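Q: After the structure tokens below, expect a handful of questions from me.
The values are calculated or read from the model by the stated rules, or taken from the named source; none is laboratory data. Model, not experiment: these values are computed from the prediction. Quick reminder, even Gly has a Cβ in these numbers, built from the backbone with ideal geometry, and neighbours come from all protein chains shown. Accessible surface areas use protein heavy atoms only, side chains included; no ligands, DNA or RNA. Shrake-Rupley method; radii C 1.70, N 1.55, O 1.52, S 1.80 Å.
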Amino acid sequence: MDSGWSRRRFVGALAGGAAAVALSACDDAPAPATTPPASPATGTSPSGAARRPAGPRPLYLGTYTSAEGGGKGIGLATYDPATGRITGAGTVTGVGDPSYLALHPDRRTLYAVDERADGAVTAVRLSDRKVLGSRGTGGAAPCHLSVHPGGRWLLSANYGSGSVAVHPIDASGALGERTDLVRHSSPPPGPGQDGPHAHQFVTSPDGRHVLAVDLGTDTVYTYRLDEKAGTLTEVARARTRPGAGPRHLAFHPGGRHAYLVDEVGDTVSVCSYDPASGALRVGEAQPTGAGPGTNYPAQLLVTGDGRHAYLANRGHNSLARYAIEQDGARLRLLDTVPVEGDFPRQIAFSPEGTLLFAANQKSSTVTVFHVDGDSGALRPAGEPFPSPVAVCALPL
């Protein structure tokens, strides 16, 4: 097993598996409805003008099926968009270690990584929860995936082998054989790293470029995706400070700034972005609000109006709230609030942006917060929901 992979996956001891029974396999449960308002772009909440839907909405949950106390597949649940209350609804079985999830733009197909040594990506049709098959990513331990806005290509990041892959998506939502695989062979690994570790692969807001964040090489790579052939051409790269260990990137809705989370360095940086060239320039490192002690910041979200950002702090077990100023060029730390769980691995907005979900890996829980549309303040929405080794929450 790759040492970097094991560090990323199992950093800190997992909490007990008492929550493992919360989402037992229940493939006969009714499939949740899949026609809510359009989902937000990666890392942002939608416009404040979006209306809050009525009735329970679907929630999909990622886990590690091979971990002690882990789940048995992709967790199924619903949530109340007014109260944030979560109700379990079963499991999609037959998907191994689905630690990250993404939705097709037409909202008919769910995609999951299979975070294993022989990495793969899997498609699930939501209307009947049928697994449409899996395709190899060509690398080890894929930990992130996203769908290109045109809906024809799936982008995935192989953490264990430091590579990014592209798969075609057909009209049914199923995946075809991989069309490209690029390994980050340079620059050399940063301090304390044994090789490249691709951690995220996303599309820029204008759709002209795709960007890969690599924790091992302290670099963000910008590629141009050939939308006919599904191949990648590198056009730019941005270096962070040595040893920063960048993990996730989130764009400001204005499209000219982004925010880069440094997992190893326990910092976040404001980046300038040139849509024409795809060039990213990393600014000075800023605090995560965690203070002294061990902390691994995980993911940052930006509100649809571009006024606030939230950062999940693993270790400090908090959510940091930032004010975004100067049209995206400045982050100002406002406060932190307890996440009400242990080791928040991933956070996500509800489609209308009024709720924030946190998947807490070590406590095997999902916590929900109400988001104040004016101040950005967070308020807990009830008790944590038990979910086995919760590492991803995708509310629709």
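Q: Starting from 0.36 nm per residue, how many nanometres of slack lie between Leu333 and Asp274 once their C-alpha separation is accounted for? Before the final figure, lay out the partial values.
A: Numbers: separation 59, 0.36 × 59 = 21.24 nm, distance 2.51 nm.
Length gained between Leu333 and Asp274: 18.7 nm.
Q: Accessible area per residue for the chain in Å², computed with a 1.4 Å probe and the full protein assembly in place, what is it?
A: Details: 14390 Å² over 396 residues.
The answer is 36 Å² per residue.
Q: List every residue whose amide H lies under 5 Å from the amide H of Thr217, counting only residues 5 or more places away in sequence or on a different chain, with H placed 1.01 Å from N in the peptide plane.
A: Counting only residues 5 or more places away or on other chains, the set is Gly190, His197.
Q: So, one more: In debye, nearest 20: dipole of the chain around its Cα centre with unit charges on the Cβ of K, R (+) and D, E (-)? Walk me through the numbers before you get to the answer.
A: Details: 35 positive and 36 negative charges, 51 e Å.
The calculated dipole for the chain is roughly 240 debye.
Q: Could you point to the residue in Gly382, Ala82, Ser163 farthest towards the positive end of the chain's charge dipole, with +1 and -1 charges on the Cβ of Lys/Arg and Asp/Glu respectively?
A: Farthest along the dipole direction, towards plus: Ala82.
Q: Calculate for the chain the 222 nm mean residue ellipticity that helices alone would give, adding -39,500 (n - 2.57) per DSSP H run of length 4 or more and normalising by residue count, nearest 500 deg cm²/dmol. Intermediate values should be presented prior to the final figure.
A: On the way: 1 runs with 8 residues, N = 396.
Value at 222 nm, helices only, nearest 500: -500 deg cm²/dmol.
Q: Which trypsin sites (Lys or Arg not before Pro) in segment 219-277 sit in a loop by DSSP (not H, G, I, E or B) and have at most 14 other Cβ atoms within 10 Å of their own Cβ?
A: Details: sites: Arg224, Lys228, Arg237, Arg239, Arg247, Arg256; in loops: Lys228, Arg256.
Sparse-neighbourhood loop trypsin sites (Lys or Arg not before Pro): Lys228.
Q: Of all accessible surface on the chain at a 1.4 Å probe, what whole percent is carbon and sulfur?
A: Details: 7130 of 14390 Å².
Answer for the chain: carbon and sulfur cover 50 percent of the accessible area.
Q: Can you tally the net charge around His316? Count Lys and Arg as +1, Asp and Glu as -1, for every other residue whose Cβ sits under 14 Å from the Cβ of His316.
A: Values: positive: Arg314, Arg321, Arg345, Lys362; negative: Glu263, Asp266, Asp335, Glu340, Asp342.
Neighbour charge sum, excluding His316 itself: -1.
Q: Between rounded, prolate and oblate, where does the chain land on the alpha carbon gyration tensor, with a ≥ b ≥ c its root eigenvalues, rounded for a/c under 1.5, else prolate if a/b exceeds b/c?
A: Details: a/c = 1.26, a/b = 1.10, b/c = 1.15.
Because its axes are fairly even, with a/c under 1.5, the chain counts as rounded.
Q: Please state the relative contact order of the chain as a whole percent: Cα pairs under 8 Å, 6+ residues apart? Please list the in-between numbers first.
A: Numbers: 1227 pairs, mean separation 59.9, N = 396.
So the answer I get is 15 percent.
Q: Rank these by accessible area, largest first, 1.4 Å probe: Ser186, Ser364, Ser161.
A: Numbers: Ser186 50, Ser364 5, Ser161 25 Å².
Solvent-accessible surface, decreasing: Ser186, Ser161, Ser364.
Q: A further question on this structure: At what distance in angstrom do the alpha carbon centres of segment 157-229 and segment 355-396 lie from each other?
A: Using only Cα atoms to place each centre, the spacing works out to 28 Å.
Q: Compute, for segment 87-154, the length of the dipole vector about the Cα centre, with Cβ point charges of +1 (Lys, Arg) and -1 (Asp, Glu) only. Units Debye, rounded to 20.
A: Numbers: 8 positive and 6 negative charges, 61 e Å.
Result for segment 87-154 is approximately 300 debye, rounded to the nearest 20.
Q: For segment 219-322, give the magnitude of the charge dipole about the Cα centre (Cβ charges: +1 Lys/Arg, -1 Asp/Glu; no others), in debye to the nearest 20. Show your work: numbers first, answer last.
A: Numbers: 11 positive and 9 negative charges, 12 e Å.
With only Lys, Arg, Asp and Glu charged at Cβ, the dipole is about 60 debye.
Q: State, as an integer percentage, the relative contact order of segment 312-382 based on alpha-carbon contacts under 8 Å between residues 6 or more apart. Write down the numbers at each step before the final one.
A: Numbers: 144 pairs, mean separation 16.3, N = 71.
Relative CO of segment 312-382 lands at 23 percent.
Q: Please list the radius of gyration and Dmax for segment 282-396, considering alpha-carbon atoms only, with Å as the unit.
A: 13.4, 41
Q: Same structure again: If I model a spin label at Arg281 and Ser172 as a point 7 Å from the Cα along the Cα→Cβ vector, what separation in nanometres do I get?
A: 4.9 nm
Q: Using alpha-carbon pairs under 8 Å, 6+ residues apart, how would you state the relative contact order of segment 270-313 in percent? Working shown, then result.
A: Details: 41 pairs, mean separation 11.8, N = 44.
Computed over segment 270-313, the figure is 27 percent.
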